[in-house]
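Rule-based calculations on the coordinates, nothing more; no lab input. Bear in mind that the values here come from a model prediction, so they are computed numbers and not experimental data. Positions of Cβ are backbone-derived with ideal geometry, glycine not excepted, and every protein chain shown enters the neighbour counts.
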Protein chains: 2
Amino acid sequence: MITIKDIARVAGVSHTTVSRALNGSPLIKKVTRDKIEKIAAEMNYVPNYSAKSLVTKRSFTIGLFFSSIDQGTSSSFLVDAIKGISHVLDENFNLTVHGIDGVHNFGNIQPQRFDGILVMSQSDEDNAFIYHVKTMGIPLVVLNRQLEDPGIMNVVANDREGVKEAIDYAVSQGHQRLAIIEGKPGFKSSTERKQGFMDSLIEHRLQLNSDYFAAGDYSIESGYAAMTTLLSLSERPTAVFCSNDDMAIGAMNACYAHKISIPQQISLLGFDDIMFARYTNPALTTVRKPIADISELGTKMLIQLLQQPETKPQQLFVKTSLVVRDTVAGC
Amino acid sequence: MITIKDIARVAGVSHTTVSRALNGSPLIKKVTRDKIEKIAAEMNYVPNYSAKSLVTKRSFTIGLFFSSIDQGTSSSFLVDAIKGISHVLDENFNLTVHGIDGVHNFGNIQPQRFDGILVMSQSDEDNAFIYHVKTMGIPLVVLNRQLEDPGIMNVVANDREGVKEAIDYAVSQGHQRLAIIEGKPGFKSSTERKQGFMDSLIEHRLQLNSDYFAAGDYSIESGYAAMTTLLSLSERPTAVFCSNDDMAIGAMNACYAHKISIPQQISLLGFDDIMFARYTNPALTTVRKPIADISELGTKMLIQLLQQPETKPQQLFVKTSLVVRDTVAGC
DNA sequence: AACAATAATTTTAACGTGTGCATTTCATTA
DNA sequence: TAATGAAATGCACACGTTAAAATTATTGTT
């Protein structure tokens, strides 16, 4: 392996000069720098990041931590997240991926090993981890899940507004009896989406019927169960908003099972716009949560945090967008 | 940060002794080792991997490289792969994730930065990258895509056998007129699956009708188009094998569009068992490709390669399994 | 008790890089 | 031309670790 000393020897300068030249120090004359850069390129020099890390105390590593890598639902998440991140991350940063549940020893999570950490959070069970990271003083951005703590940089989708927009649309299509299948109890996203649902109903002066608030937990199965309950009501809703697409798929299957046709007999709306939302039958009308955008913005914030540690944490909202497909009919 | 020298001072020994004690060297007396380990634990010592790397020339990093992180199809892939890998990878190894298309400078891919590399390959466009890694002498395992080169460790699913089994099943249900929507031309997986399809037909002495070999490219859209063609035949097939689930979903939608009911009028089989295969309507009968198992086995092979560099490369096959759901009817 | 043999530990150096301080080079000014 | 100061470069050390070689402690043998 070529080192800066090898280059120094060839260039007839000290390794210090090589180091400075290659790192863009202003102390080096242009001709010297050019010569050194040329030689380095010719010799295919690649810096030794271990040595660099040792002396600069930076690891050149960003850790991406996932709620649960063993849980099924998050599949498209991960790709989108990595896509967004590597889009803005400098190529000589390493992106390491971990499931939070795979971290058995918090002691391994140290400033010395991670320049910064991104948490793609889906559950408040992540909080223990998040606070460990914060306590260790590692630059941190939490993505996807809204936190109560204003001391942590947080990038999330504007769920409430997104849902309101979706329900507004359903109402504009003539729907008056709207139901919601709620997300997992206790999750911020569940209450946010419910709020958006209610915002719209209230704005349109529609009744809030408690029968139309069905419990769910974000799983496909819970969507199926909740929909079954809703269908058994004497006065069925004409449109059902599902707090995520998984539950919408469950709900859809419940309708099939009960020979209820979508959207003729009942309309359906989802949230997330997972990859398969457009391939369900009929294609699901849903609210797109821009995971790649969230990750990209989060990464930018993290980079800023690395460069200016004094940057104030803030909560950033990324706009969702309504994706109109075929599960909402006029009424 | 605590270093071995700090521990050494407290323990009243030299830092070398600490290093040896903590690394399980047989040169250290048990009482000394115990004392040092106790102190290290009390002081929350965490080794500095940069320093370790610098001197041992190991990076403690495994790179996972994906065909294309920007292409949509691979979503569940990634999670399953990471799941399988982190399942067997020692916790103080770092797993970094990259899209091959994101690597603009092959020079960055060096033994010094990666102890080993896993390539989750989906296309022969990866070959340039793969051979670069091989040339650099980095321990390498290629997953998921069958290579022709016997000099590279390769772990794949036994597609051919898996497909044969699936077609055998369809035949056992009484189907005689079977069609295939083929995968992307030139891909090993396409020909393997096609072979499995033909193996079964030949074994059952069924005619190979050239009309029943429809071209596809693994995309949902191509599945739709191919199925449309098949449906327009004067003598339609009674069962269609799609070379992957994505195309099966496209095919399904084509059937919906033409008011052909599945499985009553036509049966459908897929390949991969992507997450949503069980939530299509009706649920898709398909061949499960065990990505997590492939990744896990591949990682084990890589670890062995790290420990015994002389291990001979081999091609390992992981068995697929037929997942019977609702898209194949008796005939 | 003396010595050898072996066990346990320390000393010293090295890995490749960045940085404070000392030194050299060079242009400018008196 | 000499003095001055700024610009450019070099020297020496540090970072935390492992490893080869050197030293010291312990045990066994006679």
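Peptide B:96-108 has a mean shielding of 4, counted as Cβ atoms of other protein chains within 10 Å of each residue's Cβ.
The convex hull drawn around the Cα atoms of the protein assembly as shown, when projected onto a plane and averaged over every direction, covers 34.9 nm².
Judged by the ratio a/c of the largest to the smallest principal axis of the C-alpha gyration tensor, region A:292-331 counts as prolate, that ratio being 1.5 or greater while a/b is larger than b/c.
For region A:4-47, the Kirkwood hydrodynamic radius from C-alpha pairs, put into Stokes-Einstein at 20 °C and a viscosity of 1.002 mPa s, yields a diffusion coefficient of 217 µm² per second.
Each of B:50, A:172, B:295, A:321 was scored by other Cβ atoms within 10 Å of its Cβ. Arranged with the fewest first, they read A:172, A:321, B:50, B:295.
When chain B is treated as a Gaussian network with alpha carbon springs shorter than 10 Å, the biggest mean-square fluctuation among B:170, B:254, B:21 belongs to B:21. For chain B, modelled as a GNM whose springs connect Cα atoms under 10 angstrom apart, the maximal fluctuation among B:312, B:184, B:83 occurs at B:312.
Taken residue by residue and averaged, Cβ atoms of other chains lying within 10 Å of the Cβ of A:57-63 number 2. The overall shape of region A:159-288, judged from the alpha-carbon gyration tensor, is rounded, with an a/c ratio under 1.5. With respect to chain A, whose longest principal axis is taken over its alpha-carbon atoms, helix A:188-203 is tilted by about 50°. Using the structure shown, select from B:188/B:289; A:5/B:52; A:194/A:319; B:188/B:319; A:52/B:5; B:5/B:52 the pairs with a Cα to Cα distance greater than 19 angstrom. Over 19 Å Cα-Cα: A:5/B:52; A:52/B:5. 3J(HN,Hα) along region B:302-319: 5, 4, 5, 5, 5, 7, 10, x, 8, 3, 6, x, 8, 10, 10, 10, 9, 6 Hz, from the Karplus curve 6.51 cos²θ - 1.76 cosθ + 1.60 with θ = phi - 60°, whole Hz, x for Gly and Pro. Each of B:43, B:79, B:276 was placed along the dipole of the protein assembly as shown (beta-carbon charges, centred on the mean Cα), and the one lying farthest toward the positive end is B:43.
Global dimensions of chain B from alpha-carbon coordinates: Rg and Dmax equal 25.6, 90 Å. For the protein assembly as shown, a crude dipole built from +1 on the beta carbon of Lys and Arg and -1 on the beta carbon of Asp and Glu, taken about the Cα centre, is about 2280 debye to the nearest 20. Computed over neighbours whose Cβ is under 15 Å from that of residue A:8, the net charge equals +3, Lys and Arg +1, Asp and Glu -1. Of the residues A:17, A:116, A:55, the one whose Cα sits farthest towards the positive end of the charge dipole of region A:1-118 is A:17 (charges of +1 on Lys and Arg Cβ, -1 on Asp and Glu Cβ, taken about the Cα centre). Computed about the Cα centre, the dipole magnitude for region B:1-154 is approximately 1240 debye when only Lys and Arg (+1) and Asp and Glu (-1) carry charge, each at its Cβ.
Positive-end ranking of B:190, B:311, B:151 along the dipole of the protein assembly as shown, with charges on Cβ about the Cα centre, is headed by B:311. Report the residue, chosen from A:30, A:319, A:134, that carries the largest GNM mean-square fluctuation when chain A is represented by alpha-carbon nodes joined by springs under 10 Å. In this elastic network of chain A, the residue with the biggest mean-square fluctuation among A:30, A:319, A:134 is A:30. Around the amide H of residue B:268, modelled in the peptide plane, lie the amide H atoms of B:240, B:328, B:329, all under 5 Å away and 5 or more residues distant in sequence or on another chain. Working value for region B:96-208: equivalent-ellipsoid semi-axes of 38, 12, 11 Å, each the square root of 5 times a Cα gyration tensor eigenvalue, largest first.
Remark: A:18, B:46 ranked as B:46, A:18, counting other beta-carbon atoms within 10 Å and listing the fewest first. Distant-in-sequence amide contacts of residue B:218, defined by a placed amide H-H separation under 5 Å and a gap of 5 or more residues or a different chain, comprise B:184. Residues B:2, A:266, arranged from fewest to most other Cβ atoms within 10 angstrom of their Cβ, appear as B:2, A:266. Across peptide A:112-122, the mean count of Cβ atoms from other chains lying within 10 Å of each residue's own Cβ comes to 1. Within a Cβ distance under 15 Å of residue A:238, other residues only, what is the Lys/Arg minus Asp/Glu net charge? My count for the surroundings of residue A:238 gives 0.
Across region B:268-283, computed HN-Hα scalar couplings (Karplus, 6.51 cos²θ - 1.76 cosθ + 1.60, θ = phi - 60°) run 9, 10, x, 8, 2, 6, 5, 3, 7, 4, 7, 10, 6, 10, x, 5 Hz from first to last residue, x flagging Gly and Pro. Every helix of 4 or more DSSP H residues in chain B counts as -39500 (n - 2.57), and over all residues that averages to -12500 deg cm²/dmol at 222 nm. As a ratio to 2.2 N^0.38 Å, the alpha-carbon radius of gyration for region B:1-116 is 1.44.
Backbone geometry of region B:165-173 corresponds, through the Karplus equation with coefficients 6.51, -1.76 and 1.60 at θ = phi - 60°, to 3J(HN,Hα) couplings of 4, 5, 5, 3, 4, 4, 4, 5, 7 Hz, x marking Gly and Pro. Taking amide H atoms as placed 1.01 Å from N in the peptide plane, the amide H of residue A:323 lies under 5 Å from those of A:286, A:287, A:288, each 5 or more residues away in sequence or on another chain.
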